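Okay, structure first, notes after.
The values are calculated or read from the model by the stated rules, or taken from the named source; none is laboratory data. In this text the structure is predicted, and so the values were computed from the model without any measurement. Note: ideal-geometry Cβ built from the backbone for every residue, glycine included; neighbour counts use all protein chains shown. Protein only, heavy atoms only, side chains kept; ligands, DNA and RNA dropped before computing areas. Shrake-Rupley method; radii C 1.70, N 1.55, O 1.52, S 1.80 Å.
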Amino acid sequence: MFCIADILTPTQLHEVHRLLAEQPYHTGSKTAGWAAALVKNNEQLDPGARHYEKLQQLIVGALAANEVFALAAMPKALRPILFCRYSAGMSYGDHVDNALMGEEPRVRSDLSFTLFLSSPGDYDGGELVIESTQGTHEYKLEAGALVLYPSDTLHRVATVKSGVRQVAVGWVQCLIRDPRQRQILFDLEVLRRQLFQQQGKTPHFDSLAKSCSNLWRLWAEP
Ligand SMILES: O=C(O)CCC(=O)C(=O)O
Ligand SMILES: [Fe+2]
């Protein structure tokens, strides 16, 4: 589980809200699996909405520009972003995300993310609650921040008691499928950057870079 602040700048957030204003939404249960649809009670931006493509580009561009997201998610493919809205009384009960998504070539959901578009003060309730082997985690982040979590978890969105919760949600198929291998590569890549910053391109740096590169070669599914 990974929280990343400031995926969107205040200017980008403002633009997202401007593009989302007065756009058509439909019931969110359309894009859920049959079991998840039973507990999904929210609204989603209609893919035919006037600004849908612009919104996609804005979010995908912001994700692509974020070095922490790139390193933590190691994306091979992204599903189209969903723009979801929960008004008072809405929630999304316990569910697991579909393993395979979309048409051929299908995307395997390794990681899910919620990018918060509303500030925590804009609504009561509406926490994203994730069950993991380490316990239950609740997330209600600042607008512009993102939580990245394994798609194989049971999770839910608590009922919004008042106000409106707006989020962008998405799924990533990772270049490295095994979370343990992703963790090793994440740690080594961080170390490689730190070593370069402190000492420059030394023989130690080259040696570490070689091992990093060779682990990518062993494990990546490009
Ligand atoms: O709204 C959220 O934060 C997550 C929604 C969700 O779990 C989903 O769309 O599958
Ligand atoms: Fe979900």
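Numerical summary
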| item | result |
| --- | --- |
| Beta bridges per DSSP with both ends in the chain, % antiparallel, nearest 5 | 100 |
| Between segment 183-222 and segment 50-105, the Cα center-to-center distance that results, in Å | 29 |
| Over the chain: helical MRE at 222 nm, DSSP H runs n ≥ 4 each giving -39500 (n - 2.57), nearest 500 | -10000 deg cm²/dmol |
| Phi to ³J(HN,Hα) by Karplus 6.51 cos²θ - 1.76 cosθ + 1.60 over segment 41-48, Hz, x for Gly, Pro | 10, 8, 10, 10, 4, 5, x, x |
| Nearest 10 degrees, 0 to 90: helix 203-219 Cα axis against the chain principal axis | 50 |
| Long-range amide H partners of Leu154 with built H, under 5 Å | Glu131 |
| Extension gain, Glu53 back to Gln197 (0.36 nm per residue minus Cα-Cα distance, nm) | 48.0 nm |
| Long pairs among Lys40/Lys161; Lys76/Lys210; Lys54/Lys140; Lys140/Lys161; Lys40/Lys140, criterion Cα-Cα beyond 24 Å | Lys54/Lys140 |
| Solvent exposure ordering (accessible area, 1.4 Å, most first) of Lys54, Lys40 | Lys54, Lys40 |
| Coil-residue GluC sites (Glu not before Pro) of segment 68-162, DSSP, other Cβ within 10 Å capped at 15 | Glu103, Glu142 |
| Among Asp110, Asp97, Asp122, residue whose mean-square fluctuation peaks in a GNM of the chain (springs only between Cα atoms under 10 Å) | Asp122 |
| Extension gain (nm, one decimal) between Ala220 and Cys3, 0.36 nm per residue minus Cα-Cα | 75.7 nm |
| Nearest 10 degrees, 0 to 90: helix 10-20 Cα axis against the chain principal axis | 40 |
| Rounded, prolate or oblate (a/c below 1.5 giving rounded, otherwise prolate when a/b exceeds b/c) for segment 179-219 by Cα gyration tensor | oblate |
| Stokes-Einstein D (µm²/s) once Rh is taken as the Kirkwood radius of the chain over alpha-carbon pairs, at 20 °C in 1.002 mPa s | 115 |
| Additional length obtainable on full extension of the chain from Gln183 to Asp152, 0.36 nm per residue less Cα span | 9.5 nm |
| Solvent exposure, largest accessible area first (probe 1.4 Å, DNA, RNA and ligands not counted), of Trp219, Trp171 | Trp219, Trp171 |
| Cα gyration tensor shape of segment 126-174, rounded if a/c is under 1.5, else prolate or oblate by comparing a/b with b/c | oblate |
| For segment 1-70, alpha-carbon Rg and Dmax in angstrom | 14.4, 38 |
